[in-house]
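Chemist: The structure under discussion is supplied below as structure tokens; questions concerning it will follow.
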Amino acid sequence: MVTGLSHVSIAVPDLEAAARQLHDKYGLSVGARMVNAEQGVRLAYVELGAAKIELMEPSRPDSPIAKFLERNPKGGIHHFCLGVDDVGKAAHAFAQNGVRLLGAGKPQRNVAGEPIAFLHPGDFLGALVELEEHKG
Ligand code: CO
């Protein structure tokens, strides 16, 4: 079911400043800037081969990321993301084990249009987990 680590996601107050820092200090290059209107985030990825770092800043004031940044003004790790072969099936199987899904199980999509879901942090050692569907 779980096929790998997709990304670790960091919420930042300023995506461009974050990208500059990662480039200048670590030589990392941050890819295309994108907006996921549904999730209320402007984001970009650092490709690291097996997994990615996702950088997210709020794209609107009522973004869930804006609330996170109120509590963590300098930014911080927001979630990590596991790849699964089928989000619906994985979510159902985990729910059978008592895992709570966020967003009332409403279908959600990432910026690439892939199905995603979020698991309650209380059911994964205190960490917010995203599931992302990777076909093939
Ligand atoms: Co993510």
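Chemist: Could you please find all residues in the range 73-86 being part of a loop (DSSP other than H, G, I, E, B) and either within 16 Å of the ligand (Cβ to nearest atom) or crowded, with 18+ Cβ neighbours inside 10 Å (or both)?
Modeler: Matches in the range 73-86: Gly75 only.
Chemist: Has the range 52-68 got any residue that is aliphatic (A, V, I, L, M), open to solvent by 40 Å² or more (accessible area, probe 1.4 Å) and not in a helix (DSSP H, G or I)?
Modeler: So far as the range 52-68 goes, no, none of its residues is aliphatic (A, V, I, L, M), open to solvent by 40 Å² or more (accessible area, probe 1.4 Å) and not in a helix (DSSP H, G or I).
Chemist: Then there is this: Only one of these is in a strand (DSSP E or B) and either at pLDDT below 95 or open to solvent by less than 60 Å² (accessible area, probe 1.4 Å) (or both): Val35, Val46. Name it.
Modeler: Of Val35, Val46, the one residue that is in a strand (DSSP E or B) and either at pLDDT below 95 or open to solvent by less than 60 Å² (accessible area, probe 1.4 Å) (or both) is Val46.
Chemist: Within the range 1-36, can you find the residues that are free of Cβ contacts under 8 Å to residues at least 24 places away in the same chain, of a type outside the set (D, E, K, R) and either under 18 Å from Val129 (Cα atoms) or within 16 Å of the ligand (Cβ to nearest atom) (or both)?
Modeler: Gly31, Ala32
Chemist: Okay, next question. Go through the range 98-136 residue by residue and tally those that are of a type in the set (Asp, Glu), within 11 Å of the ligand (Cβ to nearest atom) and either over 16 Å from the mean Cα position of the chain (by Cα) or in a strand (DSSP E or B) (or both).
Modeler: 2
Chemist: Test Ala95 against the stated conditions and say whether it is open to solvent by 30 Å² or more (accessible area, probe 1.4 Å), at positive phi, away from the ligand (no atom under 14 Å from the Cβ) and outside any loop (DSSP other than H, G, I, E, B).
Modeler: Against the criterion (open to solvent by 30 Å² or more (accessible area, probe 1.4 Å), at positive phi, away from the ligand (no atom under 14 Å from the Cβ) and outside any loop (DSSP other than H, G, I, E, B)), Ala95 does not qualify.
Chemist: For the range 90-106, how many residues meet the condition of being touching a strand residue (DSSP E or B) at 6+ places or on another chain (Cβ under 9 Å) and closer than 18 Å to Met1 by Cβ?
Modeler: The qualifying residues number 8.
The values are calculated or read from the model by the stated rules, or taken from the named source; none is laboratory data. Fair warning: this is a prediction, and the values are worked out from it, not measured in the lab. Ideal geometry is used to build each Cβ from the backbone, glycine not excepted, and the neighbour counts take in all protein chains shown. Heads up: the accessible areas ignore ligands, DNA and RNA and are worked out on the full protein's heavy atoms, side chains in. Shrake-Rupley method; radii C 1.70, N 1.55, O 1.52, S 1.80 Å.
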